[in-house]
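Derivation of every value follows stated rules applied to the coordinates shown; laboratory data play no part. Since the model is a prediction, treat every value here as computed from it, not as a measurement. Positions of Cβ are generated from backbone atoms using ideal geometry, with glycine treated the same way; all protein chains shown enter the neighbour counts.
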Amino acid sequence: MELVRREDPQLREVVWFAGRCRALTLLLQAAFNLLIPDHAADAFSPPRLSEPSPWDVLVEWLLGGLSHWDAEHFLFIAEHGYLYEHNCAFLPLYPLSLWAVARGALWPLQRLLRLRSRLLLSAVLLNSLFSALAAAALYELGRVVLRRRRVAFLAALLFSLSPANVFMAAAYSESMFAFLAFGAMWQLEKGQSWLSGLLFSLASGARANGLINAGFFLYSQGKRFALQLQVGSGSLRKLPLLWKQVLSLASSAVLMSAGIFLPFALFQYYAYLRFCGPGTSLDQTIPEPLLQLARDKGYHPAAMDGAKPPWCSQRVPVVYSYIQDTYWNVGFLRYFELRQIPNFLLALPVTLLVSWAAWTYISTNPRHCLTLGLERSKSEEEGKPRDGFCCPAAFVYVVHATALLAFGFFCMHVQVLTRFLGSSSPILYWFSAHLLQEHEPLLWSAGTDNPSPGRSVLGKSPGSCGKGTPDNPVVRLLLNWRLITPLSKGILGFFLCYWLLGLLLHCNFLPWT
């Protein structure tokens with residue numbers, strides 16, 4: 001692929017570091033899962049319909065920690081389809097990908113492993129691939145937007161130590177979504193609108209928050225039109241040409257936005273047909289153990305005769321919002337309860353970091369923010385736009401991260417903010433890298449932003465294995481922990497603690513983000 005074929009030592013280091021972190025993640029979760037007994041959590045846990053073979057037991061021992069909590073939903077959907085109403089909170093692209101790999105690439109293993117084991121193995125393989133590609137896409141996006149290779153490199157490395165790490169490794173859709181979202185943002189920055197639209201559309205088929213990415217297209221077209229008005233010739237301001245330009249940009253934005261919304265809308269239509277259509281014989285379509293689970297837990301199976309769910313009668317029947325409201329009590333300020341204080345504390349680091357990022361950007365560029373970035377700055381007119389985190393091009397990403405933060409804080413289960421932002425926005429990684437690069441003396445000797453092809457960003461050849469300064473600035477800081485500043489310790493401590501605690505808690509059915 002283009003992301004990994006380029007002769008860029010930093011890009012190769014990003015991919016290799018992501019692979020090493022993923023391998024360490026798998027080893028640690030296996031150790032934690034074997035050494036620590038699972039907590040008896042009240043979570044979705046469907047019965048197994050076939051007896052496990054010795055190889056199935058081995059897969060469960062080695063990878064079982066990655067199948068807990070919501071991962072069980074994705075694996076269940078990939079194996080049985082959308083049998084229960086609440087399964088529809090999980091969009092279909094990721095389960096379909098698991099199904100395709102399990103029944104395609106892993107088909108030769110069917111004599112050794114039952115389908116669920118192959119699905120779990122598929123999740124590990126796909127997430128390892130997607131997390132490496134997401135890190136590479138974030139690096140390329142950072143190079144284009146920030147125009148500082150060192151900050152982009154450091155941000156991509158931090159992504160491999162993401163505080164949302166366990167969700168990037170487990171059978172969740174975060175890794176896939178991060179790759180699709182960051183890749184789409186990168187292609188849009190390169191001017192590849194149609195490829196960007198395709199990736200954004202796929203992202204909205206993986207996670208519902210992908211719908212907000214339509215704002216990137218709308219902003220891109222609006223900014224393009226505003227800048228053309230400011231620098232265009234006088235003929236452009238003639239009314240017929242102006243209206244032609246407006247219609248062209250508007251139609252392009254509408255088509256791209258419709259494409260982004262299409263997968264989500266099609267899935268809602270599928271759910272309507274499945275749960276609101278004529279009933280069928282459940283005894284023939286759903287195995288008895290799964291029907292019994294529905295009776296015991298109060299789940300609502302598909303196609304129940306004469307028992308259509310309430311959302312079927314709504315003017316716009318959207319199952320996703322109904323499930324979030326009814327099953328998980330998601331809504332504005334609903335989570336603001338005294339007993340949820342521990343969860344607010346759990347989300348505090350990422351909340352403070354992204355809020356700090358937004359304030360830093362706004363205080364540095366007040367006029368640019370007030371004009372929504374639509375006014376051409378003097379630096380842009382001179383052909384020398386500011387680079388770094390506070391550059392004009394980062395405005396739309398700051399707005400995106402701030403919108404996600406506000407929505408997640410006030411309208412969602414607040415503890416999910418860490419993985420919500422960690423898989424959706426580059427700002428968490430860009431700002432952390434910006435702070436490290438600006439305030440950590442150990443990184444100031446890193447050299448230029450454009451090193452020669454044979455040298456890494458820290459001045460050592462990428463293939464070197466000897467002692468001395470490591471190629472990787474994150475490793476360098478960790479090896480010199482006692483020498484780094486308190487700010488660097490705080491940022492790296494947050495990433496590492498959540499990286500490790502997530503594995504320890506999540507993989508043993510203990511509550512986490």
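The table below gives the values:
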read-out: Inter-probe distance in nm under a simple model that places probes 7 Å from Cα toward Cβ, at Arg367 and Leu479; value: 4.6 nm
read-out: Three-way shape label, the chain, alpha-carbon gyration tensor, a/c 1.5; value: oblate
read-out: Exposure proxy ranking, count of Cβ atoms within 10 Å, fewest first, for His368, His300; value: His300, His368
read-out: Residue order, fewest to most beta carbons within 10 Å, for Glu438, Glu13, Glu174; value: Glu438, Glu13, Glu174
read-out: Given charges at Cβ of Lys, Arg, Asp, Glu: region 334-438 dipole, positive-most of Thr371, Thr402, Leu348; value: Leu348
read-out: Gain upon complete extension [Glu72, Leu227; 0.36 nm per residue less C-alpha separation]; value: 50.9 nm
read-out: Size of charge dipole - the chain - debye, nearest 20, with Cβ of Lys, Arg +1 and Asp, Glu -1, no other charges; value: 1420 debye
read-out: Pairs of Lys in the chain closer than 21 Å at Cα, counting only those 8 or more apart or on different chains; value: 7
read-out: Highest to lowest packing among 85-97, 333-345, scored as the average C-beta count within 10 Å; value: 85-97, 333-345
read-out: Mean separation of Cα contacts under 8 Å, 6 or more apart, over the residue count of region 116-189: relative contact order %; value: 44 percent
read-out: Assigned charges on the beta-carbon of Lys, Arg, Asp, Glu; region 92-228 dipole about Cα centre (debye); value: 180 debye
read-out: Structure-based [θ]222 nm, the chain - -39500 (n - 2.57) summed over DSSP H runs of at least 4, per residue, nearest 500; value: -19500 deg cm²/dmol
read-out: Kyte-Doolittle at least 1.0, axis length at least 20 Å by Cα - qualifying DSSP helices, the chain; value: 115-146, 239-276, 341-364, 395-411, 486-506
read-out: Computed over the chain: relative contact order in percent, which uses C-alpha pairs under 8 Å that are six or more apart; value: 22 percent
read-out: Taking Tyr397, Tyr269, Tyr139 and counting other C-beta atoms within 10 Å, the order from fewest to most; value: Tyr269, Tyr397, Tyr139
read-out: Simple label model, 7 Å out from Cα along Cβ direction - Trp359 to Ala307, nm; value: 5.2 nm
read-out: Extension gain from Thr326 to Leu109, taking 0.36 nm per residue of separation minus the Cα-Cα distance; value: 74.1 nm
read-out: Residue (of Ala132, Phe182, Leu113) at the positive-pole extreme of region 99-207, dipole from beta-carbon charges; value: Leu113
